[in-house]
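The values are calculated or read from the model by the stated rules, or taken from the named source; none is laboratory data. Nothing here was measured: the structure is a model prediction, and the numbers come from that model. We place every Cβ from the backbone using ideal geometry, glycine too, and count neighbours over all the protein chains shown. The accessibility values were calculated without ligands, DNA or RNA, using every heavy atom of the protein model including side chains. Shrake-Rupley method; radii C 1.70, N 1.55, O 1.52, S 1.80 Å.
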Amino acid sequence: MVIKKLKGDGRVRKHSCVKNMSLKVVKFGGSSLADAGQMKKAADIIKADPNRRYVVPSAPGKRFSEDTKVTDLLYKCYELADKGENFSDVLSEIHSRYREIISGLEMDFSIDEDIKTIEENFKKRFGSNYAASRGEYLNGKVLAAYLGFPFVDAADVIFFCADGSLNKEKTAEALRNTLADKEYAVIPGFYGCGADGYVKTFSRGGSDVTGSIVAGAVKASLYENWTDVSGFLVADPRIVKDPESIKTITYTELRELSYMGASVLHEDAIFPVRSAGIPINIKNTNDPSAPGTMIVPDSHEEEISAYTITGIAGKKNFSAINLHKDMMNSQIGFCRDVLDVLAENGICIEHMPSSIDSMTVIIDNAHIKGNYDEILTQIRKRVNPDDMYVEDGIALVAVVGRGMCRTRGVAARIFAALAHARINAKMIDQGSSELNVIIGVNEEDFEQAIRCIYDIFVTAAKD
């Protein structure tokens, strides 16, 4: 047996060297570790269940609405350093933030040497990836010391390929080898080691991805993602007042909602655990008894939403390129040629509704970057349409739910709700899986469209 003493409560626990327990990987977001009080909550949660063995922390987030995240302070600090300007005041502010956390935890622990190393490496221009990663690195060291867990530097176990993608095989092997003799460990999120040997980060929110990678590598039974909300909601609470929570959602449904704007979980965090069939539980650090949302494999059939739909999400800032040409359906390669022009200009398409003589391509305005005239000229030369025009100010609303394919009249109810609210549906798209329905509306109707769809499927079902 292994005897392990956990700092903070003086308790001694016994754990078998044989890994036969229900292993959990737990990730805590920045708001869950923003100050000493929040870190104590996280530690209590970890200690409450001995199966919570591998911990992935984010950098300290905002303590109050006007506060600045540590990661943003680090970006600011490195920007000054890269310009050759004095960055000592900002670095001192970062150091003070961690000293405040350590003091609040009543720990005999110092990060002074780490701060000195960061200062030296900033002067050596180690790069913005290195700078951004130090928030997780320092928070990981503090949390590991407080828990009495070993600290594992993510740069030693998370690896990227030369093209910036995750080196899955090398990472999985490194994690398994490193954690094989560690019953517990803290592995900071958000970063790893690039192919050039320097620190490389994921995109913002990448600590979710690190937690998922660790869970997949150690074949965890559950990946708990702790944040400041009690799971996913059926709709955005900024649009719908007090929306219902989602108890269970499949990976595919989550992917659809995340892509369309639901932002509780980084969408790339799905794939490492999805392939291993590991469920994810989104939990609230400030309300740990709440069940949260369970994200399960697509084959999971235990609980279909009581409201037919699982969730509603959407995004603004889309445009439609509308093309018309008589006998378009008999012109071989017409659609292909239009898509080739977009592909040559690095533009992804969102949706492509069509009829026998017309087609519409929905694109995200962010991909155009003021290049409309050139792209339209290329399309005109390639396919010579009879008419072509661009329509801006389009929003897309996604109604998602695996229960929709089992319920008659879902689309009719959606359009009845929109018609009752005097909202015109400019585009309709439904996949063959019947998992989701995408509706294009004018941007000024976006919020009202979400509210009326929520009302007809959720509010009406409760009445």
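Can you work out ³J(HN,Hα) from phi for every residue in the range 80-90, in order, using Karplus 6.51 cos²θ - 1.76 cosθ + 1.60 and θ = phi - 60°, giving whole Hz and x for Gly and Pro?
Listing the rounded values in order: 5, 4, 5, 8, x, 9, 6, 10, 5, 5, 5 Hz.
Taking loop as defined by DSSP and a crowding limit of 16 other beta carbons within 10 Å, which GluC sites (Glu not before Pro) in the range 96-167 fit?
Answer by residue number: Glu106.
I'd like the trypsin sites (Lys or Arg not before Pro) in the range 370-463 restricted to DSSP loop residues with at most 12 other Cβ atoms within 10 Å, sorted by number.
Arg408, Arg422
Output the Cα-based Rg and Dmax of the range 68-146 in Å, rounding Rg to one decimal and Dmax to a whole number.
For the range 68-146, the Cα-based Rg and Dmax read 12.2, 37 Å.
What would the Debye equation give as log₁₀ I(q)/I(0) for the range 10-133 at q = 0.12, 0.16 Å⁻¹, counting only Cα atoms as equal point scatterers?
-0.56, -0.88
What per residue convex hull volume, in Å³, do the alpha-carbon atoms of the range 342-393 yield?
About 91 Å³ per residue, rounded to a whole number.
So if I take the alpha carbon set of the range 394-440, get Rg, then get Rh from the Kirkwood formula, what is the Rg over Rh ratio?
0.96
Would you mind estimating how fast the range 365-422 diffuses translationally, via Stokes-Einstein at 4 °C and 1.567 mPa s with the Kirkwood radius over Cα pairs, in µm²/s?
Translational diffusion coefficient: 84 µm²/s.
Which distance in nm do the two modelled labels at Lys316 and Tyr372 give, with both placed 7 Å along the Cα-to-Cβ direction?
1.7
What FRET efficiency, computed as 1/(1 + (r/R0)^6) with R0 = 60 Å and r the Cβ-Cβ distance, is obtained for Phe109 and Thr459, rounded to the nearest 0.05?
Approximately 0.70, to the nearest 0.05.
Of the options Gly192, Leu342, Ala290, report the single residue whose Cα projects farthest towards the positive end of the charge dipole of the chain (beta-carbon charges: Lys, Arg +1; Asp, Glu -1).
Final value for the positive-end residue is Ala290.
Gain in length, Arg238 to Ala411, computed as 0.36 nm per residue apart minus the alpha-carbon separation, to one decimal in nm?
Difference between extended and current length: 59.8 nm.
Quick check: pseudo-label points 7 Å beyond the Cα along Cα→Cβ at Asn86 and Asp392, how many nm apart are they?
Taking the simple label geometry, Asn86 and Asp392 are separated by 4.5 nm.
Using the Kirkwood radius built from alpha carbon pairs, what does the Stokes-Einstein equation give as D for the range 238-350 at 25 °C and 0.890 mPa s, in µm² per second?
Result for D is 140 µm²/s.
At q = 0.10, 0.14, 0.17 Å⁻¹, what log₁₀ I(q)/I(0) does a Debye calculation on the Cα points of the range 129-271 give, no solvent, two decimals?
These q points yield log10 I(q)/I(0) values of -0.38, -0.73, -1.00.
Let me see the P(r) profile for the range 27-67: every Cα-Cα distance counted, bins of 10 Å, each bin given as a percent of all pairs.
With 10 Å bins starting at 0, P(r) equals 31, 51, 16, 3.
Quick one: dipole size for the chain, taken about the Cα centre, charges +1 on Lys/Arg Cβ and -1 on Asp/Glu Cβ, in debye to the nearest 20.
1660
Filter the cross-link list Lys83/Lys315; Lys41/Lys247; Lys62/Lys241 down to pairs whose alpha-carbon distance in this structure exceeds 30 Å.
Flagged as over cut-off: Lys83/Lys315.
DSSP loop trypsin sites (Lys or Arg not before Pro) in the range 168-249 with at most 10 other Cβ atoms within 10 Å of their Cβ, which ones?
Those satisfying the criteria are Arg238, Lys241.
Please name whichever of Gly216, Ala313, His367 sits farthest to the positive end of the charge dipole of the chain, dipole taken about the Cα centre and charges placed at Cβ: Lys and Arg +1, Asp and Glu -1.
Farthest towards the positive end: Gly216.
Would you please state the base-10 log of I(q)/I(0) at q = 0.06, 0.07, 0.10 1/Å for the chain, with intensities from the Debye formula using one equal scatterer on every alpha carbon?
Log-scaled intensity ratios, in q order: -0.33, -0.44, -0.85.
Regarding the range 136-176, what whole-number volume in Å³ per residue does the convex hull of its Cα atoms give?
68
Rank these residues by their accessible area, most exposed first, probe 1.4 Å: His367, His95.
His367, His95
Scale the Cα Rg of the range 342-453 by the rule-of-thumb value 2.2 N^0.38 Å and send over the ratio, two decimals.
In units of the 2.2 N^0.38 Å rule of thumb, it is 1.21.
Pairing the Cα long axis of helix 334-344 with the longest principal axis of the chain, what angle in degrees results, from 0 to 90 and rounded to the nearest 10?
With both axes taken from Cα atoms, the answer is about 30 degrees.
In nanometres, what is the gap between the two model label sites at Ser165 and Tyr198, each 7 Å from Cα along Cα-to-Cβ?
Calculated label separation equals 2.3 nm.
Hey, any idea what % of the range 141-237's accessible area is carbon plus sulfur with a 1.4 Å probe?
In the range 141-237, the share of accessible area belonging to carbon and sulfur is 50 percent.
Å³ per residue of the Cα convex hull, for the range 286-414?
195
Could you work out the helix-only [θ] at 222 nm for the chain, with each DSSP H run of four or more residues adding -39,500 (n - 2.57) and the total divided by the number of residues, to the nearest 500 deg cm²/dmol?
Taking each H run of at least 4 residues, the total per residue is -10500 deg cm²/dmol.
Sorted from largest to smallest, which semi-axis lengths in Å does the alpha carbon gyration tensor of the range 111-157 give for its equivalent ellipsoid, taking the root of 5 times each eigenvalue?
Working from the Cα gyration tensor, I get semi-axes of 21, 12, 8 Å.
In the chain, what % of DSSP beta bridges are antiparallel (nearest 5)?
65
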